[in-house]
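K.L.:
Below is the structure I would like to discuss, written out as structure tokens.
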Amino acid sequence: MENSVVILKTIVENVERVIVGKRKAIELAVITLICNGHVLIEDVPGVGKTSLISSLAKSVSASFKRIQFTPDILPSDITGFSMYNQKTGEFEYRPGSVMSQLILADEINRTSPKTQASLLEVMEENQVTVDGITHKLPRPFMVLATQNPVEYLGTFPLPEAQLDRFFMKISIGYPTQGEESYILNRFQEKNPIDNLKSVATSEDIIRIQEEIKSIYVDKTLNDYIVDIVSSTRKNNDITLGSSPRGSIALFRAAQAWAFYNSRNFVTPEDIKCMVVPVLSHRIVLKQEAKLKRITSSDIIESIVEKIKVPVVDFDVKK
């Protein structure tokens, strides 16, 4: 465990050589990776969404492809297609852009719903099916998508079914004045991402993905997670609450956060720390709540505050 935690911390520190002052966002992206999930980064242009993803990809020696989503991109560009080979007299599969370990889906909401839907099977089952033939994707596999929350012209909002397939939604935010000044100094001669080297292998990530599953979660904490998620289905400001997939994601994220912090058991604080990035994009607010400028994060936080935190005797496990 100790060696694996060192690897994760090294990845975070490596990405920090490019992304200044946003350690929590970097950590959440790494947590998503070791949970075998996908991350949606939603923020305004220019704050480093794409740079964060590219830096993470460079930090892990895995295959990486970038897909720039536009209105004219086709599903076959993503999943691949079959082409007839006149020499062999057979149809051959030509892999699409998704056949890689790490995928940057840049500005994912700029493509049509039909093309967005081509990612549903990919993100849920780590495979693509073309002409009735299923092709497995390499491991580890992760979709890292970006979108702009304030620009609506020419965009297609992601449907709930696809949002639910993202393990986390995170934002980066503007840097402080001091951080922005430091960014200017760091970028004075060239982009630091150009000199970034890999500090972990694909095998490291796959091993860690298995290791976090052994982190102990007390039954009372299982009930605590279910209480939080089920409360999103009863809230007066919410039209659509989180699915059971949200419960599973919160459970796994809490395990990963405990692991990242060198513990072999989950605490209520681990769950609280992960609840907003894991659940905020899985709920749909009522129009009245939106008019009051209430956010999904606000509601999730208020739900957590109202639920009694269980008391767990960790001495038994230790």
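FYI, it's all coordinate maths here, none of it is from the lab. These figures come from a predicted structure and were not determined experimentally. Cβ: placed from backbone, ideal geometry, glycine included. Neighbour counts: every protein chain shown.
K.L.:
Of Leu240, Leu52, how do they rank once you tally other Cβ atoms within 10 Å and put the fewest first?
P.N.:
Leu240, Leu52
K.L.:
Going down the list Lys136/Lys213; Lys219/Lys290; Lys197/Lys272, which pairs span over 25 Å between their C-alpha atoms?
P.N.:
Lys219/Lys290; Lys197/Lys272
K.L.:
Check which residues have an amide H placed less than 5 Å from Leu137's amide H, if you skip close sequence neighbours.
P.N.:
Hits under the 5 Å cutoff: Gln127, Val128.
K.L.:
Another question about this same structure. Looking at the stretch 215-308 from every direction and averaging, what is the projected area of its Cα convex hull in nm²?
P.N.:
Spelled out: convex hull of the Cα atoms, projected over all directions, averaged, 5.5 nm².
K.L.:
At what distance in nm do the modelled label points of Ile307 and Lys290 sit from each other, each positioned 7 Å from its Cα along Cα→Cβ?
P.N.:
2.6 nm
K.L.:
Still on this model: Loop only per DSSP, at most 13 neighbouring Cβ atoms within 10 Å: give me the GluC sites (Glu not before Pro) in the stretch 170-237, ordered by residue number.
P.N.:
Glu189
K.L.:
Next question. What is the magnitude of the charge dipole of the stretch 132-186 about its Cα centre, with +1 placed on the Cβ of each Lys and Arg, -1 on the Cβ of each Asp and Glu, and no other charges, expressed in debye to the nearest 20?
P.N.:
Its charge dipole is roughly 380 debye.
K.L.:
Stokes-Einstein diffusion coefficient for the stretch 275-316 at 37 °C in a medium of 0.692 mPa s, Rh from the Kirkwood formula over Cα pairs: what value in µm²/s?
P.N.:
Translational D for this selection: 272 µm²/s.
K.L.:
Which loop trypsin sites (Lys or Arg not before Pro) in the stretch 180-215, with loop taken from DSSP, have no more than 16 other Cβ atoms within 10 angstrom of their Cβ?
P.N.:
Those that pass, being in a loop and sparsely packed, are Lys190, Lys197.
K.L.:
Sticking with this one: List, in order, the whole-Hz ³J(HN,Hα) value for each residue of the stretch 37-52 obtained from phi through the Karplus relation with A = 6.51, B = -1.76, C = 1.60 and θ = phi - 60°; use x for Gly and Pro.
P.N.:
Couplings: x, 10, 10, 10, 9, 10, 6, 5, x, x, 8, x, 4, 5, 5, 4 Hz.
K.L.:
Give the longest segment of the chain that steers clear of chymotrypsin sites (Phe, Trp or Tyr not before Pro) in DSSP loops with at most 15 neighbouring Cβ atoms within 10 Å, not counting the sites themselves.
P.N.:
1-151
K.L.:
While we're looking at this one, here's another question. For the pair Thr201 and Tyr93, what calculated FRET efficiency results from E = 1/(1 + (r/R0)^6), where r is the Cβ-Cβ distance and R0 = 25 Å, to the nearest 0.05?
P.N.:
E(calc), rounded to 0.05, equals 0.35.
K.L.:
If you don't mind, another one. Can you work out the Karplus-derived ³J(HN,Hα) for every residue in the stretch 158-164? Use 6.51 cos²θ - 1.76 cosθ + 1.60 with θ = phi - 60°, whole Hz, and x for glycine or proline.
P.N.:
5, x, 4, 4, 7, 4, 5
K.L.:
So how compact is the stretch 146-236: Cα radius of gyration and Dmax in angstrom?
P.N.:
20.5, 54
K.L.:
Can you give the FRET efficiency to the nearest 0.05 for Ser214 and Leu74, using r as the Cβ-Cβ distance and R₀ = 35 Å?
P.N.:
That pair, Ser214 with Leu74, gives E of 0.25.
K.L.:
Sticking with this one: Kirkwood-based Rg over Rh for the chain (C-alpha set), two decimals?
P.N.:
0.98
K.L.:
Report the local net charge at Ile225: Lys and Arg +1, Asp and Glu -1, summed over other residues whose C-beta lies under 12 Å from its C-beta.
P.N.:
In short, -1.
K.L.:
Figure the gain on full extension for Asp298 and Gln177 (residue separation times 0.36 nm, minus the Cα-Cα span) and round it to one decimal in nm.
P.N.:
Going from the current span to full extension adds 40.9 nm.
K.L.:
May I ask you to evaluate 6.51 cos²θ - 1.76 cosθ + 1.60, the Karplus curve with θ = phi - 60°, for each residue of the stretch 143-148 and list the ³J(HN,Hα) values in order in whole Hz, giving x for glycine and proline?
P.N.:
9, 10, 9, 10, 7, 9
K.L.:
Largest first and in whole Å, what are the equivalent-ellipsoid semi-axes of the stretch 43-173 based on the Cα gyration tensor, each being the root of 5 times an eigenvalue?
P.N.:
With the √(5λ) rule applied to the stretch 43-173, the semi-axes are 27, 17, 13 Å.
K.L.:
Still on this structure: Only counting other Cβ atoms within 10 Å, I'd like Asp194, Asp270 sorted with the fewest neighbours first.
P.N.:
Ordered by Cβ neighbours within 10 Å, fewest first: Asp194, Asp270.
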